[in-house]
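Below: the structure, in structure tokens.
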Amino acid sequence: MVPARFRERLGPKFVVTIALPEPCLALYPFVTWEAFCERLDSAPRKDGKFREFVRQVFANTEEAGCDGQGRLLVPPGLRAYAGIEREAVSIGTLTRIEVWAKERLGPLEPAPDEAAAFTAELGLY
């Protein structure tokens with residue numbers, strides 16, 4: 001089930017793919033996916049490693065959409081990649097929605113001192 005707030009962000013059709021290097025899936029609105037593809041296309045490096053990465057991502061990418069009840073049917077290969085058997089957790093990030101197997105998702109809260117140091121490093125605090 002994709003939460004309503006994420007369905008609005010994704011639109012009626014979107015892209016579901018693997019989220020390398022994380023062991024989860026990524027849902028992209030088409031406009032964001034197109035920007036991702038443009039960044040790949042303009043990458044200065046087009047060697048064997050690049051081509052291997054592109055093949056891996058695109059071999060594990062599907063066009064998707066939710067049904068009338070907000071459910072997303074995830075193909076078996078993508079479910080296996082993410083380890084999703086029963087429960088999944090959806091997390092909104094800056095450019096995509098991540099879908100994690102509940103048991104693979106670690107704690108979402110860093111230690112307070114780590115969070116303070118990181119936000120200061122980013123210039124956010």
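Okay, here's what the table says:
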read-out	value
Calculated [θ] (222 nm, deg cm²/dmol) that DSSP helices of n ≥ 4 give over the chain, each run adding -39,500 (n - 2.57)	-11000 deg cm²/dmol
Amide H contacts under 5 Å for residue 24, placed H, 5+ residues apart	19
Residue-span extension gain [residue 62 to residue 40] - 0.36 nm each, minus C-alpha spacing	6.2 nm
Carbon and sulfur %, accessible surface of the chain computed with the full protein complex present, 1.4 Å	55
Dipole axis of the chain (+1 Lys, Arg; -1 Asp, Glu on Cβ), positive-most option in 76, 19, 2	76
Candidates per GluC sites (Glu not before Pro) in region 39-91, loop by DSSP, up to 14 other Cβ within 10 Å	85, 87
Cα centre as origin, Lys/Arg/Asp/Glu Cβ charges: the chain dipole, Debye	400
Ranking by accessible area, most exposed first, for 5, 86, 71 with a 1.4 Å probe	86, 5, 71
List 17, 61, 95, ordered by accessible area with a 1.4 Å probe, largest first	95, 61, 17
Surface per residue (accessible, 1.4 Å probe) for region 11-105, Å²	62
For residue 120, net neighbour charge (Lys/Arg +1, Asp/Glu -1) across residues whose Cβ lies under 15 Å away	-3
Rg(Cα) / (2.2 N^0.38 Å) computed for the chain, rounded to two decimals	1.17
Span-rule helices in the chain, defined as complete DSSP H runs reaching 15 Å or more along the axis (Cα) with Kyte mean at least -1.0	30-41, 48-59
Relative contact order (%) - criterion: Cα under 8 Å, at least six apart; region: the chain	31
By accessible area with a 1.4 Å probe, ligands and nucleic acids excluded, highest first: order of 125, 28, 81	125, 81, 28
Amide hydrogen neighbours beyond the local backbone of residue 88, cut-off 5 Å, H modeled	102
Separation in nanometres of the label points that stand 7 Å from Cα toward Cβ, at residue 121 and residue 4	3.9
Net length gained if the chain between residue 50 and residue 111 were fully extended (0.36 nm per residue, minus Cα distance)	18.4 nm
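The values are calculated or read from the model by the stated rules, or taken from the named source; none is laboratory data. Please read all numbers here as calculations on a predicted model, not as lab measurements. So basically every Cβ, Gly included, is an ideal-geometry build from the backbone, and we count neighbours across all protein chains shown. Heavy atoms of the whole protein, side chains included, go into the accessibility calculation; ligands, DNA and RNA do not. Shrake-Rupley method; radii C 1.70, N 1.55, O 1.52, S 1.80 Å.
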